[in-house]
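S.K.: Structure provided below as structure tokens; questions to follow.
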């Protein structure tokens, strides 16, 4: 086999940027599927010929060209044979910074100016074929969140707008939208993903509930940034600063959706937005087929974030009721995620980014004290006194309230 192998894509790009190396992807030029099979490679690609190296397990793809044959990101036909050149294969890639190859001797093959754009910190499409695959728009938004010091080339921004206007984004399936959004939320500057999507009009098509938050004012005494969309972007970047897991980041994205449905005559107040936010978050989760851990956390954060923020003024009974609504007895770890989402929300305000978040210090010890109540022993004592059903539940709740009150009293005494 006289094939030539090249490392391509992210591994080459990240090495040039001095970033930790990602998994290596390979392209082989001048080979046939039968030759790779004879050499021990294992086929894995259904739509086009991709193989696993028999020893390293790394992916090796035959050099190929592609042609648009139908709408959407599945609508492609591929051509792969030994005559396809490396330059032809690189031409089908999305961004110039991902269209660089490295030969065995270290030589870089860069026919589309990827190294130039790396130096200039620019995200630029390789060719107009970029517009044929709507997933590339989402990938570009995700790269903007990862490489947050990179700008987007003006001609690429114009191409993104044309893609949206042509309806390509509407052909995306929910699972792929969720996959790319989830990955973008976990990048270093998730706000940039949404800013790029909003700038080209894609956000209004994919997440209109989020898109409508820009231009909606909030009370300036609580939100110096005023605009709800601006606030949301600050919250998402706080998620990254606090290394929050994906369910927390998704909950933060969803937490204020109800403010987008407040009648303008009620601005800047948003009474009852929590329940509206929860309902909208559930609808988005259903539409995008969001995993249960993310949708459940988003629901409770949307409903309760205001109560968590105000929990410093709550007495023992109200605190226990808050724990009840958050299912904190059975799921204390999820309650910790609720607190983290609320902290990101509180710190996602202009000038408040480094403020301490009181509920994060106050509520965990109170929950620990309440959970330390031996509910089985309380229930047994109640049963011995002839209590049944809801009366026993009331007895357990009272015991938890007493435990929380005792800790509050002790804290007050310590502060005197």
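Just so it is clear, none of the values below were taken in a lab; they were calculated from the coordinates. Just so it is clear, the model here is predicted, and its values are computed rather than measured. Glycine also receives a Cβ, built like all others from the backbone with ideal geometry; neighbour counts cover every protein chain displayed.
S.K.: In degrees between 0 and 90, to the nearest 10, how far off the longest principal axis of the chain does helix 332-347 point, with axes built from Cα atoms?
M.R.: For helix 332-347, the angle is close to 80 degrees.
S.K.: Run the quick spin-label model on residue 271 and residue 158: label points 7 Å from Cα toward the beta carbon, then report their separation in nm to one decimal.
M.R.: Spacing of the two 7 Å Cα→Cβ label points: 5.0 nm.
S.K.: What FRET efficiency comes out for residue 3 versus residue 171 if R0 is 41 angstrom and r is the Cβ-Cβ distance? Round to the nearest 0.05.
M.R.: With a Förster radius of 41 Å, E is 0.70.
S.K.: Let me ask something additional. Please state the equivalent ellipsoid semi-axes for segment 309-416: what are the square roots of 5 times the Cα gyration tensor eigenvalues, largest first, in whole Å?
M.R.: Numbers: eigenvalues 189, 49, 19 Å².
One finds semi-axes of 31, 16, 10 Å for segment 309-416.
S.K.: Rank these for me by crowding, 290, 301, 173, going from fewest to most other beta carbons within 10 Å.
M.R.: Values: 290 22, 301 30, 173 14.
Lowest to highest Cβ neighbour count: 173, 290, 301.
S.K.: Something else: Hey, could you get me the Stokes-Einstein D for segment 369-415, Kirkwood radius over alpha-carbon pairs, 25 °C and 0.890 mPa s, rounded to whole µm² s⁻¹? It would help to have the intermediate numbers written out before the result.
M.R.: Details: Rh = 11.3 Å.
This corresponds to a translational diffusion coefficient of 217 µm²/s.
S.K.: Which ordering of 390, 277, 22 is given by a fewest-first count of other beta-carbon atoms within 10 Å? The partial results should precede the final answer.
M.R.: Working: 390 8, 277 26, 22 13.
Ranking 390, 277, 22 by Cβ neighbours within 10 Å, fewest first, gives 390, 22, 277.
S.K.: Using the beta-carbon distance between residue 37 and residue 103 and R0 = 22 Å, what value does 1/(1 + (r/R0)^6) give for FRET efficiency, to the nearest 0.05?
M.R.: Working: r = 24 Å, r/R0 = 1.09.
Efficiency, from the Cβ-Cβ distance: 0.40.
S.K.: For 305, 53, which order do you get if you count the other beta carbons within 10 Å of each Cβ and list the fewest first? Working shown, then result.
M.R.: Numbers: 305 22, 53 17.
By the 10 Å Cβ count, ascending: 53, 305.
S.K.: In cubic angstrom, how much convex hull volume per residue do the alpha carbon atoms of segment 204-288 span? Before the final figure, lay out each step's value.
M.R.: Working: hull volume 8.0 nm³, N = 85.
In segment 204-288, the Cα convex hull volume per residue is 94 Å³.
S.K.: Here is a further query. Helix 174-185: angle to the longest alpha-carbon principal axis of the chain, degrees 0 to 90, nearest 10?
M.R.: 80 degrees
S.K.: Grab every C-alpha pair in segment 225-356, bin the distances at 10 angstrom width from 0 up to the longest one, and report whole percents.
M.R.: 13, 43, 36, 7, 0
S.K.: Calculate the spin-label point distance for residue 221 paired with residue 59, positioning each point 7 Å from the Cα along the beta-carbon direction, and give it in nanometres.
M.R.: Here the answer is 5.5 nm between the modelled labels.
S.K.: How many nm separate the modelled label positions at residue 381 and residue 411, each set 7 Å beyond the Cα in the direction of the Cβ?
M.R.: Each label point lies 7 Å from its Cα, and together they span 2.4 nm.
S.K.: What angle do you read, to the nearest 10 degrees and between 0 and 90, between the alpha-carbon axis of helix 228-241 and the longest principal axis of the chain?
M.R.: In the chain, helix 228-241 runs at an angle near 80 degrees to the longest axis.
S.K.: Here are several values of mean projected area of the Cα convex hull in nm²: [x] 33.2; [y] 19.9; [z] 27.0. Which one was derived from the coordinates shown?
M.R.: [z]
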